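The values are calculated or read from the model by the stated rules, or taken from the named source; none is laboratory data. Predicted model, so just to flag it, every value in this text is computed and none were measured. Quick reminder, even Gly has a Cβ in these numbers, built from the backbone with ideal geometry, and neighbours come from all protein chains shown. Please note that ligands, DNA and RNA were not included when accessible areas were found on the heavy atoms of the full protein model with its side chains. Shrake-Rupley method; radii C 1.70, N 1.55, O 1.52, S 1.80 Å.
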Amino acid sequence: PSAQSPIASRFQPDSGEFSLMTYNLYRYAFDDRDGDGQKNDPKPVEEREAAAALIAAVRPDVLAVQEIGGPVVFEEFLFRLKTAGLAYPYIEFLQRGDSEINLALLSRFPIVSRQHHTNDTYTIGPAEVPVARGFLDVTLEVSPEYRFRVLVAHLKSKVFHPLGQTEMRRNEARLLNKHVRKMLKEQPEINLVVVGDMNDTYNSAALRELMGEKKDKVLFDLRPVDRECDAWTHYTPDNDEYARIDYILVSDGMWPEVVTGKTYAVRSPLTYQASDHRPLVAVFKAKETILQPLEKTDEKK
């Protein structure tokens, strides 16, 4: 799909379907960009315009974003989307303290419950460590007959920390998995989607901790790809390295509603200008669906 024109019709949700996008906006916030020691420099306007253009090309029904700034920046982001023709009536914004790296969810559908997870902690040696960004958790009502729950996460970055960034990320993933398992225990057929920047690759300890392994899996990876069948979601210019660290994961109850032919990674020149990540999009049927065993993928067998 092109970011400069409306999305190709074959990717657009049909009647009775809806779309969800997850996107790390990369420092869409005030930061110290000129090296003067003051975090008062906004994301460059050309980067903000590119991000809005990418989102406007897809026009997702539900948008989950990571690395959005504080309330002032968030309001500017909403205004920019509105100017591009995207006005979302239902909004959830999760900020921890005065952080400029926050989570948000924008929706065409009503948010019928909120149950964010902001008090999780874990221990590494004698240190008790909080989950820095928390987990945004809402339930959306697409119609009176169909609801689904969304967890938005942004796990510990691959930046040096004296406690060990890999172990910190694994612990955050373990706590997120704990919340998922609790939901499944209370409602085994729950329609659940977990999205965001997990800052690690598919075979990493963090992702295995989050999804579960083999017969104990609780979340299933949609693995969106672009028109060239590339699945990468993050580009590091310094290392000329492409990696897949952003995900759309679903529960067993949500899996039958996935419209696989409309689930993809956005491929556009604007992705390099807007962020070091690129958006992922999934489309779902807005009705409870039961698949026959032969319709399931190898991962689900």
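Here are some residues: PHE93, PHE109. Which one is of a type in the set (Phe, Trp, Tyr) and part of a strand (DSSP E or B)? Steps first, answer last, please.
Working: PHE109 fails: part of a strand (DSSP E or B).
From the options PHE93, PHE109, the qualifying one is PHE93.
On the basis of being in a loop (DSSP other than H, G, I, E, B) and in contact with a Ser or Thr (Cβ under 6 Å, 6 or more places away or on another chain), does ASN199 make the cut? Write out each step before concluding.
Values: in a loop (DSSP other than H, G, I, E, B): yes; in contact with a Ser or Thr (Cβ under 6 Å, 6 or more places away or on another chain): yes.
Against the criterion (in a loop (DSSP other than H, G, I, E, B) and in contact with a Ser or Thr (Cβ under 6 Å, 6 or more places away or on another chain)), ASN199 qualifies.
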Query - Where a residue in the range 16-27 is within 15 Å of VAL250 (Cβ to Cβ) and open to solvent by less than 40 Å² (accessible area, probe 1.4 Å) and its partner, wherever it lies, is at pLDDT below 95 and assigned to a strand (DSSP E or B), with Cβ under 8 Å and at least six apart - result: none
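For the range 158-172, give me the residue count where each residue is without any contact (Cβ under 8 Å) to a residue 24 or more places away in the chain and either open to solvent by 70 Å² or more (accessible area, probe 1.4 Å) or in contact with a Gly (Cβ under 9 Å, 6 or more places away or on another chain) (or both). Step through it out loud before you land on a result.
Of the residues in the range 158-172, the ones without any contact (Cβ under 8 Å) to a residue 24 or more places away in the chain are 159-162, 165.
Those still in the list that are either open to solvent by 70 Å² or more (accessible area, probe 1.4 Å) or in contact with a Gly (Cβ under 9 Å, 6 or more places away or on another chain) (or both) too: 159-160, 162.
Going through the range 158-172 one residue at a time, the tally reaches 3.
Would you check if there is a residue in the range 58-79 being assigned to a loop (DSSP other than H, G, I, E, B), touching a residue at least 40 places away in the same chain (Cβ under 8 Å) and loosely packed, with under 15 Cβ neighbours inside 10 Å? If you could, list the steps in order and put the result at the bottom.
Pass one, the range 58-79, residues assigned to a loop (DSSP other than H, G, I, E, B): 59-61, 69-70.
From what's left, touching a residue at least 40 places away in the same chain (Cβ under 8 Å): 59-61, 69-70.
Of the ones still in play, those that are also loosely packed, with under 15 Cβ neighbours inside 10 Å are none.
No.
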Query raised in the report: Mind checking which residues of the range 152-177 are outside any loop (DSSP other than H, G, I, E, B) and out of contact with any strand residue (DSSP E or B) (no Cβ under 8 Å at 6 or more places or on another chain)?
Result: GLN165, THR166, ARG169, ARG170, ALA173, ASN177
**Report entry** Leading residue by the ranking (modelled with the highest pLDDT) among those in the range 113-157 that are open to solvent by 60 Å² or more (accessible area, probe 1.4 Å) and in contact with a Lys or Arg (Cβ under 8 Å, 6 or more places away or on another chain)
**Finding:** GLU145
Query raised in the report: From the list LEU210, LEU175, which residue is within 27 Å of PRO60 (Cβ to Cβ), under 19 Å from the mean Cα position of the chain (by Cα) and open to solvent by less than 20 Å² (accessible area, probe 1.4 Å)?
Result: LEU210
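Scan the range 96-106 residue by residue and report those that are in a loop (DSSP other than H, G, I, E, B) and open to solvent by less than 40 Å² (accessible area, probe 1.4 Å). Walk me through how you get there before you give the answer.
Filtering the range 96-106 for residues in a loop (DSSP other than H, G, I, E, B) gives 96-101.
If the condition is that a residue be in a loop (DSSP other than H, G, I, E, B) and open to solvent by less than 40 Å² (accessible area, probe 1.4 Å), then SER99 is the only one that fits.
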Query - Matching residues, the range 217-261, being among the polar types (S, T, N, Q), within 20 Å of SER19 (Cβ to Cβ) and open to solvent by 20 Å² or more (accessible area, probe 1.4 Å) - result: THR260
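For the structure I just gave you, tell me whether GLU47 is farther than 18 Å from GLU75 by Cα, modelled with pLDDT of 95 or more and open to solvent by 40 Å² or more (accessible area, probe 1.4 Å).
Values: farther than 18 Å from GLU75 by Cα: no; modelled with pLDDT of 95 or more: yes; open to solvent by 40 Å² or more (accessible area, probe 1.4 Å): yes.
For GLU47, the condition - farther than 18 Å from GLU75 by Cα, modelled with pLDDT of 95 or more and open to solvent by 40 Å² or more (accessible area, probe 1.4 Å) - is not met.
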Report summary line: By residue number, the members of the range 185-197 that are out of contact with any Lys or Arg (no Cβ under 8 Å at 6 or more places or on another chain) and surrounded by 17 or more Cβ atoms within 10 Å (Cβ to Cβ) are VAL194, VAL195, GLY196, ASP197
